[in-house]
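*Asks:* Questions regarding the structure given below will be posed in turn.
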Amino acid sequence: MTAKRCKCGEIPEVEVSRFEHIGKDQGEMEQITRPNLSYWQDAWRRIKKNRVAFCSLLLILLYVLLAIFAPIFSQYGFAEVDSSHMNEFFSAQHWLGTDSLGRDLWVRTWRGARVSLSIGFIAAVLNACIGAVIGGVSGYYGGKLDMVIMRIIDVLYGIPSLIVTILVMVVLGSGIPSLIVALIIVGWIGTARFVRGEVLRLKEQDFVSAAKVLGVSNLKIIIKHIIPNIMGLIITNLTMAVPNAIFREAFLSYIGLGIAPPECSWGILAKEGVKMLRIKAYQLFVPAFFICTTMLALNLLGDGLRDALDPKLRGTE
């Protein structure tokens, strides 16, 4: 700034230089540009920025909505037989064609999706809960309890899980409850192992020591302090476990140990489609397409959740 000459007793006029206005712009630049978001809000923001993961999430939601509402609003029943429209290809009347008995494949596909997705999500959620509890208790208490639990896990881990699942289905018989039990018996092992490792790392942290000094019980420390810190990893592992459960349900239904007719699932549709592979291949390609796209979408969503829920990456974008 510069001052002009003035007479005695007069206040000098001050000419403000244009460079003095930089202070205002600099203050605006120093303002926080990223909003103050919570952990889950920031994770959701990063999921939306990941186009592959976000599109995968939308596809899964679309399949879930169709599985819920498509059989309800359709004019055909999933077990309704129409001998006048057997083995019909895609048409305006039957969008995905019909099978060898004249049953509408559009309705049967989404009725099968309802069964397959329900079994996959229920089995994966129960496996995650059981594995998180067992792994958390084993890692936190340690000692003889940890040794016993880990030896049991080692024995179960050494047996091929598919063989155990098949043996359980042979004993319990076919059906949705039996299938869920068979998927749970060995499905929690992977979650328990990685949760135990994370708990062993976290229980030595300062916030756990502070909780112990304040007299917080061990159970509350595990539930309120340790489990929330690994919830992102549990959710990511859950997302990866759902397609595995769906594939096993489809495989067991395909070999005749899963869902019992007249109920249908994607595995049942694939089994019936194989019989018509040479003359009506679309009857196999329809369930195979939805199985493949669902598993691909869930795996891509799991990859996106792994990055979005990683606290080390928070604020890096």
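The values are calculated or read from the model by the stated rules, or taken from the named source; none is laboratory data. Fair warning: this is a prediction, and the values are worked out from it, not measured in the lab. Cβ sites come from the backbone with ideal geometry, for glycine too, and all protein chains shown count toward neighbours. For the accessible areas, the whole protein counts, side chains as well, though only heavy atoms, and no ligand, DNA or RNA atoms are used. Shrake-Rupley method; radii C 1.70, N 1.55, O 1.52, S 1.80 Å.
*Asks:* Quick test of the membrane-span-like rule: which DSSP H helices of the chain reach at least 15 Å along their long axis (C-alpha atoms) with mean Kyte hydropathy at least -1.0?
*Replies:* The answer, listed by residue number, is 51-73, 105-141, 143-158, 161-172, 176-187, 189-202, 231-254, 282-308.
*Asks:* I've got another one for you. Run the accessible area of the chain with a 1.4 Å probe and give the carbon-and-sulfur part as a rounded percent.
*Replies:* Its accessible area is 65 percent carbon and sulfur atoms.
*Asks:* State, as an integer percentage, the relative contact order of the chain based on alpha-carbon contacts under 8 Å between residues 6 or more apart.
*Replies:* Relative contact order, the chain: 21 percent.
*Asks:* Answer with one residue from 95, 268, 137: the one whose Cα lies farthest towards the positive end of the charge dipole of the chain, charges on Cβ with Lys, Arg +1 and Asp, Glu -1.
*Replies:* So the residue we want is 137.
*Asks:* Still on this structure: Going by accessible area, probe 1.4 Å, with all protein chains left in place, what is the ranking of 193, 46, largest first?
*Replies:* Solvent-accessible surface, decreasing: 193, 46.
*Asks:* How large is the charge dipole for the chain, taken about the Cα centre, if only the Cβ atoms of Lys, Arg (+1) and Asp, Glu (-1) carry charge, to the nearest 20 debye?
*Replies:* It comes to approximately 460 debye.
*Asks:* Suppose every K and R has +1 on its Cβ and every D and E has -1 on its Cβ; what is the size of the dipole of the range 65-218 about the Cα centre, in Debye to the nearest 20?
*Replies:* Values: 11 positive and 10 negative charges, 118 e Å.
That gives the range 65-218 a dipole magnitude of about 560 debye.
*Asks:* Compute the relative contact order of the range 130-231 as a whole-number percentage, counting only Cα pairs closer than 8 Å that sit 6 or more residues apart in sequence. Provide the component values of the computation, followed by the final result.
*Replies:* Details: 79 pairs, mean separation 41.2, N = 102.
Once normalised by length, the contact order is 40 percent.
*Asks:* Grab the other residues whose beta carbon is less than 11 angstrom from that of residue 157, score K and R as +1, D and E as -1, and report the net.
*Replies:* Net charge around residue 157: +1.
*Asks:* While we're looking at this one, here's another question. Over the Cα atoms of the range 49-120, what Rg and Dmax result, in angstrom?
*Replies:* 14.4, 50
*Asks:* So, for the chain, what is the accessible surface per residue at a probe of 1.4 Å, expressed in square angstrom?
*Replies:* Value returned for the chain: 58 Å² of accessible area per residue.
*Asks:* Loop only by DSSP, 10 or fewer other Cβ within 10 Å of the Cβ. Give me the GluC sites (Glu not before Pro) in the range 145-254 that pass, ordered by residue number. All intermediate terms of the calculation are to be shown ahead of the outcome.
*Replies:* Values: sites: 198, 204, 249; in loops: 204.
Hits after loop and neighbour filter: 204.
*Asks:* Something else about it: Counting other Cβ atoms within 10 Å, which chymotrypsin sites (Phe, Trp or Tyr not before Pro) in the range 79-145 have at most 12 and lie in a DSSP loop?
*Replies:* Answer in residue order: 89.
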